[in-house]
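K.L.:
Sending over a structure as structure tokens; questions will come in a sec.
The values are calculated or read from the model by the stated rules, or taken from the named source; none is laboratory data. Nothing here was measured: the structure is a model prediction, and the numbers come from that model. Because the Cβ atoms are built from the backbone with ideal geometry, glycine has one as well, and the counts that use them run over all protein chains shown.
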Amino acid sequence: MKPISLIQFLIEERRAGRINAELSLLIEVVARACKRIAVATNKGALGGVLGNAGSDNVQGEAQKKLDVISNEILLEANAWGGHLAACASEEMEDPQPIPDMYPKGNHLLMFDPLDGSSNIDVNISVGTIFSVLRCPDGITEPKVEHFLQPGTTQLAAGYVVYGPATVLVLTFGHGTHEFTLDREVGSFLLSRRDVRVPEETGEFAINMSNQRHWEAPMQRYIGELLAGTDGPRGKDFNMRWVASMVADVHRIVTRGGVFFYPLDAKIKSKGGKLRLMYEANPMAFIIEQAGGAATTGRERILELQPTGLHQRVPVFLGSKKEVEIATHYHREADGAQS
């Protein structure tokens, strides 16, 4: 049977009444922009895109050339289509309004243009993460406060991983679906429908170099995994860590596992490492729609009320049973301390 293209899939979703034409167009435009980012990424040193850009983003982090290029590609692609009221990027302090010369739509787009960019120069998978919200009724000039919606209100979320294959993973709240870019025809084709994350796993992803800074319940949980068959869990676990959230999460979407970026003493004052609006919320939406779970270690991520555009949170996500155990340990420890 002939594979279904992304455009055909979006038309089917519209006919089923699950999305409207404007949201369908928005996803098409984002996917097209990501194809351009894939081309730039694939050129590597030949395209002059490696190395630092000589600037910092709003987080105070050194920007890579591809960070800046990817950000500009997404901004330019979404400016004129008439499907957006405004967009916000992890690389920019404030939302980007749609220029007055173009029509405006009813959606807000948030994105991390190039997640895992520290891996660019060593040719390890990086990606783009995006989230779509509805612009509140009657708002013609969206401000920061109009973006500060809980993750439960997301209309769509997705990521694109630029690896050996370029893969788009997408949800509208009716399951999680995977599309693979066919470079010969230039289209994303449906490669897996209704992806499911196994409830149980023997694989975890965490940055072990931060272990000495973790809270006691995280120390307890990871200690049990490392103890393997001799410990209370009674089985061996494997550890993986790419340091690119898109790559680590895509492994979980593909074969299960859990991803942790817990609170630790180094980042406690910031509230966490990963950004709620650009990383945690869209990934939590994708994982939950695939049957997994996503928490901060204490609360469901999608139920958090955002307080800032660049707010940071701890992230526990992936196979449901392991996320539940790690979250239980944190809640139990909080109860013992209160």
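K.L.:
Restricting to the stretch 232-254, and then to whatever is under 16 Å from residue 122 (Cβ atoms) and among the hydrophobic types (A, V, I, L, M, F, W, C), can you tell me which residue is surrounded by the fewest Cβ atoms within 10 Å (Cβ to Cβ)?
P.N.:
243
K.L.:
Same structure again: For a quick check of your reading of the model, give me the residue pairs whose first member lies in the stretch 181-197 and is more than 26 Å from residue 317 (Cα to Cα), whose second is at pLDDT below 95, with beta-carbon atoms closer than 6 Å and at least 6 apart or on different chains.
P.N.:
Hits for this filter: 189/3.
K.L.:
When the residues of the stretch 199-213 are filtered to those that are outside any loop (DSSP other than H, G, I, E, B) and small (Gly, Ala, Ser), which remaining residue is farthest from residue 322 (Cα to Cα)?
P.N.:
209
K.L.:
When residue 218 is evaluated against the numbered criteria (1) touching a His at 6+ places or on another chain (Cβ under 8 Å); (2) buried (at least 18 other Cβ atoms within 10 Å of the Cβ); (3) not in a helix (DSSP H, G or I), which criterion, by number, is the only one it fails?
P.N.:
Residue 218 satisfies all of (1) touching a His at 6+ places or on another chain (Cβ under 8 Å); (2) buried (at least 18 other Cβ atoms within 10 Å of the Cβ); (3) not in a helix (DSSP H, G or I) except (3).
K.L.:
Just give me the residues in the stretch 256-285 being in a helix (DSSP H, G or I), of a type in the set (Lys, Arg) and either in contact with a strand residue (DSSP E or B) (Cβ under 8 Å, 6 or more places away or on another chain) or within 17 Å of residue 158 (Cβ to Cβ) (or both), in sequence order.
P.N.:
Once the filter is applied, which keeps residues that are in a helix (DSSP H, G or I), of a type in the set (Lys, Arg) and either in contact with a strand residue (DSSP E or B) (Cβ under 8 Å, 6 or more places away or on another chain) or within 17 Å of residue 158 (Cβ to Cβ) (or both), the stretch 256-285 yields only 270.
K.L.:
Just one of (1) part of a loop (DSSP other than H, G, I, E, B); (2) touching a helix residue (DSSP H, G or I) at 6+ places or on another chain (Cβ under 6 Å) trips up residue 243, so point out which.
P.N.:
(2)
K.L.:
Does the stretch 245-263 include one or more residues that are basic (Lys, Arg) and farther than 19 Å from residue 161 by Cβ?
P.N.:
For the stretch 245-263, residues basic (Lys, Arg) and farther than 19 Å from residue 161 by Cβ: absent.
K.L.:
I'd like the full set of residues that are at pLDDT below 95 and either in contact with a Lys or Arg (Cβ under 6 Å, 6 or more places away or on another chain) or part of a helix (DSSP H, G or I) (or both), limited to the stretch 1-20.
P.N.:
Scanning the stretch 1-20 gives no hits.
K.L.:
Still on this structure: Within the set of pairs 6+ apart or on separate chains, which have a first residue in the stretch 1-20 that is surrounded by fewer than 17 Cβ atoms within 10 Å (Cβ to Cβ), a second that is assigned to a loop (DSSP other than H, G, I, E, B), and C-beta atoms under 6 Å apart?
P.N.:
Within 6 Å, the pairs are 18/172; 18/174.
K.L.:
Okay, moving on. Need a quick list: strands (runs of 3 or more DSSP E) entirely within the stretch 91-191 having at least 1 residues that are hydroxyl-bearing (Ser, Thr, Tyr) and either assigned by TED's automatic domain parsing to the domain that holds residue 76 or exposed (fewer than 14 other Cβ atoms within 10 Å of the Cβ) (or both).
P.N.:
Hits in the stretch 91-191: 126-134, 156-162, 166-171, 176-182.
K.L.:
Report whether or not residue 194 is surrounded by fewer than 20 Cβ atoms within 10 Å (Cβ to Cβ), of a type outside the set (A, V, I, L, M) and on the phi > 0 side of the Ramachandran plot.
P.N.:
Yes; evaluated as a whole, the condition is true for this residue.
K.L.:
Condition first: polar (S, T, N, Q) and touching an Asp or Glu at 6+ places or on another chain (Cβ under 8 Å). Now tell me which residues in the stretch 109-163 satisfy that.
P.N.:
Of everything in the stretch 109-163, those that are polar (S, T, N, Q) and touching an Asp or Glu at 6+ places or on another chain (Cβ under 8 Å) turn out to be 117, 128, 152.
K.L.:
Out of the stretch 250-305, which residues are among the hydroxyl-bearing types (Ser, Thr, Tyr) and under 16 Å from the mean Cα position of the chain (by Cα)?
P.N.:
Within the stretch 250-305, 254, 261, 278, 295, 296 qualify.
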